[in-house]
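Colleague: After the structure tokens below, expect a handful of questions from me.
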Amino acid sequence: MKSRPKFDDLVDCLISIVGSLPDQRAGNNLKYTMEDIALSAFSVFFTQSPSFLDFQKSMREQKGKDNAESFFKVKNIPTDNHIRECLDKIDPRFFFPVFNTVFNTLEQNGIVDSYRSFNNNLLLALDGTWYHSSKTIHCDKCLRINHKDGSTTFYHSAITPVIVKPGNDKVIALPPEFITPQDGHSKQDCENAAAKRWITQNGPEYAPLGITVLGDDLYCRHPLCMLLLEQGFDFILTCKPDSHKALYEWLNDFEEGVNIFSFTKKKWNGKFNEFHTFRYANSLPLRDSEDTLWVNWCELTITDENQKTLYKNSFVTNFVINQHNVEQIVADGRARFKVENENNNVLKTKGYNLEHNFGHGKEYLSMLLMTFNVLAFLFHTVLEYCDNKYRLLRSKLPSRKTFFDDIRTLTRYLYFESWGEMLEFMLKGLEQRHRINPP
Ligand SMILES: [Zn+2]
């Protein structure tokens, strides 16, 4: 990929993976290439337009050309049915190298380094998210919850790791890890096991960069922390009293100013004064066992002038905590909520949830479409960093929704020679509007 990846480079990156996919189709079914099939599906996620392919088919009939071809290099647009059948057989893991390639490109461009935080580390937030839930639609790889009334909820979930930074609203998505059914395990066990798989598989690639793993209380367990350290990761994990009784018993015996320390800072939040009280202690047992890992603990309580608690959370980490670094360690620990806010919520609520367009499949389809969804999200982030026109447009249009609504409408009625030509058209139109109606 070129030094500053553009839209076409990202599409080429995807095409190069598709070119190496196993093609399991029977003889008379080869009108469409695998590139046509995979890029058609991806285009729906990238444009966030469930009708994108229908519109481009009509355009092709009328004008002899269409935007699926000029943007995504789709020569023939397959039917939704054909896309569904073919993609259902493809393991989404084939596409994971795209995440690593894109990450490496961002790294070469100095963008990854702008995410460095405490200890000059990158913050990697791990979190599980549901991306399909239904009482009727299901496949072999669905997880299930059997309800007392006899009904069943079928769902899919995955770990969706992202690089985050406090104060930066953009996150960099890394390959997901699917949480798949395992007999005799609760949902919680599944998520923990999936996290371990991700850490083991991706540790060699990412840990040498200097990475602090962030996660909720579910991840704050002896075996997982040991695995993180073995793989060369640092960690800052939420640590709740209910699930860490041994640690909090030790903490209760500690003496203020001797082995537990605290201080309070007054901070103006724009409306009123907040009081941020930091407490920290080093060398505490993570669990009640001979071989326990010893960790360091810190807590932030935010109160208002009436001493009403606005926020309270505590973390454990392998970093030794002191009065100079506790604030930054806590800030990094809190950045985990970015996964929920910036990543999972965007994926679920801001137009990325387009599974209904292709259905659920019997084997891999649901997982593959989720992977395309996250990849589309990653590509949008890359373009915001690396494509000046894209960034300018996003800054001029009030919301993500407006941006994609406009793209949906434009690509329905107009043909553009390239993605770049469409962005230029939009920018030109906005400048004219701004001239007529100065703010
Ligand atoms: Zn399923």
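The values are calculated or read from the model by the stated rules, or taken from the named source; none is laboratory data. Quick caveat: nothing in here was measured; it's all calculated off a predicted structure. As a convention, Cβ positions derive from the backbone with ideal geometry for all residues, glycine included, and neighbour counts pool all protein chains shown.
Colleague: Hey, can you tell me all the residues within the range 108-122 that are without any contact (Cβ under 8 Å) to a residue 40 or more places away in the chain and outside any loop (DSSP other than H, G, I, E, B)?
Modeller: If the condition is that a residue be without any contact (Cβ under 8 Å) to a residue 40 or more places away in the chain and outside any loop (DSSP other than H, G, I, E, B), then 113 is the only one that fits.
Colleague: Also, I was wondering about something else. Can you tell me which condition residue 364 does not meet? The list is (1) surrounded by 21 or more Cβ atoms within 10 Å (Cβ to Cβ); (2) closer than 27 Å to residue 422 by Cα; (3) at pLDDT 90 or above; (4) not polar (S, T, N, Q), and all the others hold.
Modeller: The number of the failed condition is (2).
Colleague: Please find, among 150, 210, 232, the residue that is out of contact with any helix residue (DSSP H, G or I) (no Cβ under 9 Å at 6 or more places or on another chain), at positive phi and away from the ligand (no atom under 16 Å from the Cβ).
Modeller: None of the other options fit; the residue is 150.
Colleague: Hey, does the range 250-258 have a residue that's outside any helix (DSSP H, G or I) and touching a strand residue (DSSP E or B) at 6+ places or on another chain (Cβ under 9 Å)? Step through it out loud before you land on a result.
Modeller: The initial filter retains those residues of the range 250-258 that are outside any helix (DSSP H, G or I), namely 254-258.
Of the ones still in play, those that are also touching a strand residue (DSSP E or B) at 6+ places or on another chain (Cβ under 9 Å) are 254, 256.
Yes, the range 250-258 contains a residue that is outside any helix (DSSP H, G or I) and touching a strand residue (DSSP E or B) at 6+ places or on another chain (Cβ under 9 Å).
Colleague: Another one. Within the range 126-140, how many residues are assigned to a loop (DSSP other than H, G, I, E, B) and either buried (at least 18 other Cβ atoms within 10 Å of the Cβ) or more than 8 Å from the ligand (Cβ to nearest atom) (or both)?
Modeller: Qualifying residue count, the range 126-140: 6.
Colleague: Something else: Is it the case that residue 241 is over 28 Å from residue 116 (Cα atoms), at pLDDT 95 or above and not in a helix (DSSP H, G or I)? Break it down stepwise before answering.
Modeller: Working: over 28 Å from residue 116 (Cα atoms): yes; at pLDDT 95 or above: yes; not in a helix (DSSP H, G or I): yes.
Yes.
Colleague: Inside the range 153-168, can you point out the residues that are of a type in the set (Ser, Thr, Tyr) and either away from the ligand (no atom under 13 Å from the Cβ) or more than 30 Å from residue 118 (Cβ to Cβ) (or both)? Spell out the reasoning first.
Modeller: Step one: filter the range 153-168 for residues of a type in the set (Ser, Thr, Tyr), giving 153, 155, 157, 160.
Those that are of a type in the set (Ser, Thr, Tyr) and either away from the ligand (no atom under 13 Å from the Cβ) or more than 30 Å from residue 118 (Cβ to Cβ) (or both): 153, 155, 160.
Colleague: Quick one: which of 174, 122 is over 13 Å from the mean Cα position of the chain (by Cα) and hydrophobic (A, V, I, L, M, F, W, C)? Don't jump to the end; show me each part of the working.
Modeller: Details: 174 fails: over 13 Å from the mean Cα position of the chain (by Cα).
Checking each option against the conditions leaves just 122.
Colleague: Which condition breaks for residue 262 when tested against (1) in a loop (DSSP other than H, G, I, E, B); (2) over 30 Å from residue 207 (Cα atoms)?
Modeller: For residue 262, the failing item is (1).
Colleague: Of a type in the set (Val, Ile, Thr), over 18 Å from residue 373 (Cα atoms) and surrounded by 18 or more Cβ atoms within 10 Å (Cβ to Cβ): does that describe residue 98?
Modeller: On the way: of a type in the set (Val, Ile, Thr): yes; over 18 Å from residue 373 (Cα atoms): no; surrounded by 18 or more Cβ atoms within 10 Å (Cβ to Cβ): yes.
No.
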